[in-house]
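> One structure, pasted below without further comment.
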Amino acid sequence: MPNFTLERININETINPIYKLCREGKCLLDEFIAMVKSDLKLEPLLGDLFAAVRYVADGKSPPLPEKRMKKIKGQNDAWEARKGALRMYVKIDNVNGAVIIIGGDKSSQNADLKRLKNIIKEFSND
C-alpha cells in the first residue's frame, strides 16, 4: 500500500489550509505545475485555479459557476477546478482541509478522473 503524506501549500488569504498530496515522497501536483509554468500561455491560468480551490476550501457561498468549479459525480467532496483547458482535482477533507491531488487538462480529463478516483481510494485506505 502506498505511503501518502500532505505538504502544505502557502497561499495567501486562505482561511482553511490547502495541501498537495504526495505519494512515496513525490508530490503528484508538482509535475503539472512545472508543465504549466513552462508554457507562457498557460502560466497565467494557474492563479485562477488556485483561487477557485481557495474559494471552495474556505466554504464560501454561493458556489462558483460550473465553468470554474464542478463537483465530481460519485466522489464525496471531490471537485474539479477549471480554467481554460486546465484542470485541478481537489478533495475537501474535514480533517485536513483542501487536498489538491492532481492536475491535468481537458484532453486527458477522462484518464485524469479515473486516476483521481483510484488515488482517492488508496488515500482513504491509508
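> If you stretched the chain out fully between GLU7 and GLN75, how much longer would it get, using 0.36 nm times the residue separation minus the C-alpha to C-alpha distance? Mind showing how you got there, number by number?
Details: separation 68, 0.36 × 68 = 24.48 nm, distance 2.22 nm.
Gain in length upon complete extension: 22.3 nm.
> Once you put a point 7 Å from the Cα of GLU24 and another 7 Å from the Cα of GLU43, both along the Cβ direction, what distance in nm separates them?
In this crude spin-label approximation the distance works out to 3.2 nm.
> Hey, what do the phi angles of segment 97-104 turn into as Karplus ³J(HN,Hα) couplings, whole Hz, using 6.51/-1.76/1.60 and θ = phi - 60°, x for Gly and Pro?
x, 8, 10, 7, 9, 8, x, x
> Taking all pairs of different Cα atoms in the chain, averaging 1/r and flipping that mean, what Kirkwood radius in angstroms comes out?
When all Cα pairs of the chain are included, the Kirkwood radius is 14.6 Å.
> Between ASN94 and LYS106, what length in nm is gained on full extension when 0.36 nm per residue of separation is reduced by their alpha carbon distance?
Length gained, ASN94 through LYS106: 1.5 nm.
> Send over the Kirkwood Rh of segment 1-73, from the inverse of the averaged 1/r over different Cα pairs, rounded to one decimal Å.
With all distinct Cα pairs of segment 1-73 included, I get 13.9 Å.
We did not get these values from a lab; they are worked out from the coordinates using the rules stated. Values in this document were obtained by computation on a predicted structure and should not be read as measured data. Glycine gets a Cβ as well: all are built from the backbone with ideal geometry, and neighbour counts include every protein chain shown.
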